[in-house]
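Colleague: One structure, pasted below without further comment.
The values are calculated or read from the model by the stated rules, or taken from the named source; none is laboratory data. Because the structure is a prediction, the values reported are computed rather than measured. Cβ coordinates were reconstructed from backbone atoms using ideal geometry, including for glycine residues, and neighbour counts include every protein chain displayed. To get the accessible areas, we keep the full protein, side chains included, count just its heavy atoms, and leave off ligands, DNA and RNA. Shrake-Rupley method; radii C 1.70, N 1.55, O 1.52, S 1.80 Å.
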Amino acid sequence: MNSLDGKIALVTGAAIGIGAATARMMAEVGASVILADVRDVEGAAVADEIVQAGGTAHYIHLDVGSQAHWMAAVALAEQLFGGLDILVNNAGILFGRDVEEASLEDWQAMSAVNQQGVFLGTKHALPALRARGRTSPEGSAIVNLSSVSGLVGSPVDPLYSMTKGGIALFTKSTALAFGRQGYRIRVNAVHPGVIETAQGRQTFAARARKLPSGDVAEARALALANHPIGRFGTVEDVAKAIIFVASDDAGFMTGSSLVIDGGLTAQ
């Protein structure tokens, strides 16, 4: 189940956190993986780790807001592995600033990664995904990383919520368009909740600034109390979900939202 044998995947934001865990796990279940990021040292180290463990991986520097970088990344996948079956639009940034604190430059930087990156990735990977989709029983797959902040409001970072909400609807819209045009490309979104990553710690720090005490530990405890499952998520929790929707096991899923949040948004 959830095998990616023979699949070729490109994962953005793959140097750390969810992206790195996804790349490792994809290689473990048989995929050849292009890891893409702007953190070259960390990204190359993860790719080397995968290769040393017997997997197939290659790292490329990719600024997701750059058309030229995207064209080079897709060309590399075709050159090294013969095409592209899976695109994981994982790269994202969060500042933890409300509307009054955030600057126009903050918004432009966040939008360039969180939204422009998803648009450009989808656009430039489309021909390669479409070509491989014709030869796959369940087609090719795009997995977009949204967030629970793309489903419900975020008092901590409204700009982040706006970008992630846009990803959720872009996912549905492209799923409809590609399906109706016969492209055989499934498009789904994964919505993580509070995950134990550097970005998750940024969230706690942002929430702490809103508390009279300013205490990060208090902010963390308050957030944990809102999780019925009794813990925060791990990068492996999210990576497993990504691999499922990317695999042929999810062949009847497109335009869907898979929420990985420990029950946070069920309340």
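Colleague: Take the range 136-169 and flag every residue that is among the β-branched types (Val, Ile, Thr) and in contact with a strand residue (DSSP E or B) (Cβ under 9 Å, 6 or more places away or on another chain).
Modeller: Scanning the range 136-169 gives 142, 143, 148, 167.
Colleague: Another one. Looking at the range 195-220, which of the residues that are closer than 21 Å to residue 102 by Cβ and hydrophobic (A, V, I, L, M, F, W, C) is modelled with the lowest pLDDT?
Modeller: Residue satisfying both the conditions and the ranking: 208.
Colleague: Could I ask something else about it? Looking only at residues that are open to solvent by less than 10 Å² (accessible area, probe 1.4 Å) and in a loop (DSSP other than H, G, I, E, B) in the range 14-37, which one is nearest to residue 132 (Cα to Cα)?
Modeller: For the range 14-37, the residue satisfying everything is 31.
Colleague: Just give me the residues in the range 166-189 being open to solvent by 20 Å² or more (accessible area, probe 1.4 Å) and part of a helix (DSSP H, G or I), in sequence order.
Modeller: 166, 169, 170, 172, 173, 176, 177, 179, 180, listed by residue number.
Colleague: Just the residues that are among the polar types (S, T, N, Q) and assigned to a helix (DSSP H, G or I), please, taken from the range 52-80.
Modeller: Result: 52, 67, 79.
Colleague: Mind checking whether some residue in the range 44-54 is open to solvent by 40 Å² or more (accessible area, probe 1.4 Å), hydrophobic (A, V, I, L, M, F, W, C) and modelled with pLDDT under 95?
Modeller: Scanning the range 44-54, I find no residue that is open to solvent by 40 Å² or more (accessible area, probe 1.4 Å), hydrophobic (A, V, I, L, M, F, W, C) and modelled with pLDDT under 95, so the answer is no.
Colleague: Need the failing condition index for residue 77 against (1) at pLDDT 95 or above; (2) surrounded by fewer than 22 Cβ atoms within 10 Å (Cβ to Cβ), just the number.
Modeller: Condition not satisfied by residue 77: (2).
Colleague: When you scan the range 129-165, how many residues do you find that are open to solvent by less than 10 Å² (accessible area, probe 1.4 Å) and hydrophobic (A, V, I, L, M, F, W, C)?
Modeller: Qualifying residue count for the region: 5.
Colleague: In the range 91-104, is there at least one residue being in contact with a Leu (Cβ under 8 Å, 6 or more places away or on another chain), in a helix (DSSP H, G or I) and at pLDDT 95 or above?
Modeller: no
Colleague: Can I ask one more? Taking the conditions exactly as written (touching a Ser or Thr at 6+ places or on another chain (Cβ under 9 Å), assigned to a loop (DSSP other than H, G, I, E, B) and more than 18 Å from residue 198 (Cβ to Cβ)), does residue 84 satisfy them or not?
Modeller: Criteria met by residue 84.
Colleague: Continuing with this model, one more query. What pairs can you find where one residue is in the range 89-105 and over 23 Å from residue 195 (Cβ atoms), the other is part of a loop (DSSP other than H, G, I, E, B) and not aliphatic (A, V, I, L, M), and their Cβ atoms are less than 6 Å apart, with a gap of 6+ or different chains?
Modeller: Hits for this filter: zero, empty list.
Colleague: Given (1) over 21 Å from residue 238 (Cβ atoms); (2) touching a Phe, Trp or Tyr at 6+ places or on another chain (Cβ under 6 Å); (3) not small (Gly, Ala, Ser), identify the lone condition not met by residue 129.
Modeller: Result: residue 129 passes all but (2).
Colleague: Would you mind stating whether residue 5 is open to solvent by 10 Å² or more (accessible area, probe 1.4 Å), at pLDDT 95 or above, charged (D, E, K, R) and closer than 15 Å to residue 245 by Cα?
Modeller: yes
Colleague: When you check residue 109 against the structure, is it in contact with a Leu (Cβ under 9 Å, 6 or more places away or on another chain), surrounded by fewer than 23 Cβ atoms within 10 Å (Cβ to Cβ) and at pLDDT 95 or above, yes or no?
Modeller: So residue 109 fails the test.
Colleague: Answer yes or no: is there a residue in the range 116-134 that is in a loop (DSSP other than H, G, I, E, B) and not hydroxyl-bearing (Ser, Thr, Tyr).
Modeller: yes
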